[in-house]
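The values are calculated or read from the model by the stated rules, or taken from the named source; none is laboratory data. Computed from a predicted model, the values in this text were never measured in an experiment. Please note: Cβ atoms are built from the backbone with ideal geometry, for glycine as well, and neighbour counts cover all protein chains shown. Surface accessibility is based on the protein's heavy atoms, side chains included, excluding ligands, DNA and RNA. Shrake-Rupley method; radii C 1.70, N 1.55, O 1.52, S 1.80 Å.
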Amino acid sequence: MKFDVISDNYFYCEGIKSSQNQVHYVLDRDDVNLFFSSFTHTNYLIIALRNMHLRGIVIEYCRANQAKYVVLLEDMIKNDWFEIDNVIYFSMDSSQQHIRKIITSPIMSKGDKLTQRELDILPHVHLNNTTMASMLNLSQKTASGYKIILKRKLKMKAFNSLALTRMKNAIMCTDTEGQRYLVS
């Protein structure tokens with residue numbers, strides 16, 4: 001199975017070049033448009049973009065064209081992964097062999113999948129417990145509990161609010177009208 005890798009990190013691109021994948025270094029929207037003009041939808045696309053704006057553009061294109069893709073994230077535990085709506089999220093530190101193995105035969109235990117309620121709470125997880133609880137009509141203890149569960153299920157290596165906000169923003173995208181939606 002061949003992969004296309006798109007990244008805004010030159011050193012990452014140079015480090016993973018191989019005969020098994022095509023590596024594309026992008027810096028702006030024009031580079032992304034050039035990449036997609038020749039992208040083969042039969043290959044998996046590995047999105048290793050740290051720039052959230054570029055990541056959003058790439059994900060919007062993949063969604064619109066029903067391309068198969070995975071997203072690499074920095075705030076995850078090394079070689080760990082999770083899945084939301086058929087999109088697999090890996091740690092940026094994952095090896096190519098590990099990514100290849102999971103993509104070709106993903107097996108998730110039911111306990112690791114996010115429930116619909118957890119997906120509904122995800123857009124609000126960056127808020128403090130009091131605000132989140134009042135917005136979602138929950139108790140503060142329940143709001144805190146959901147944050148703990150989400151941090152565990154999202155395989156986060158740091159449990160501070162900033163890391164949680166970055167992780168939420170990596171999973172959520174903004175459409176052309178500026179509305180937030182879950183990446184799927």
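Stokes-Einstein diffusion coefficient for the range 56-100 at 4 °C in a medium of 1.567 mPa s, Rh from the Kirkwood formula over Cα pairs: what value in µm²/s? Rounded to a whole number, D works out at 117 µm²/s. Between 168, 141, 155, the GNM of the chain built on Cα springs shorter than 10 angstrom shows 141 fluctuating the most.
Protein heavy-atom accessible surface, 1.4 Å probe, per residue over the chain: 53 Å². Residue separation of residue 66 and residue 97 scaled by 0.36 nm, minus their Cα-Cα distance, works out to 8.7 nm of gained length. Each Lys or Arg adds one and each Asp or Glu takes one away; over the other residues whose Cβ falls under 9 Å from the Cβ of residue 91, this sums to -1. Applying Stokes-Einstein at 25 °C and 0.890 mPa s to the Kirkwood radius of the range 1-88, computed over alpha-carbon pairs, gives a translational diffusion coefficient of 184 µm² s⁻¹. Only Cα pairs under 8 Å and 6+ residues apart enter the sum, and on that basis the relative contact order of the chain stands at 17 percent. Kindly give the semi-axes, whole Å and largest first, of the ellipsoid equivalent to the chain, taking each as the square root of 5 times a Cα gyration tensor eigenvalue. Values for the chain, descending: 30, 18, 14 Å. Measuring r between the beta carbons of residue 83 and residue 117 and using R0 = 25 Å, the FRET efficiency lands at 0.90.
Counting only protein heavy atoms and a probe of 1.4 Å, the accessible surface of the range 6-77 is 48% carbon and sulfur. The alpha carbon centroids of the range 38-61 and the range 118-148 are separated by 30 Å.
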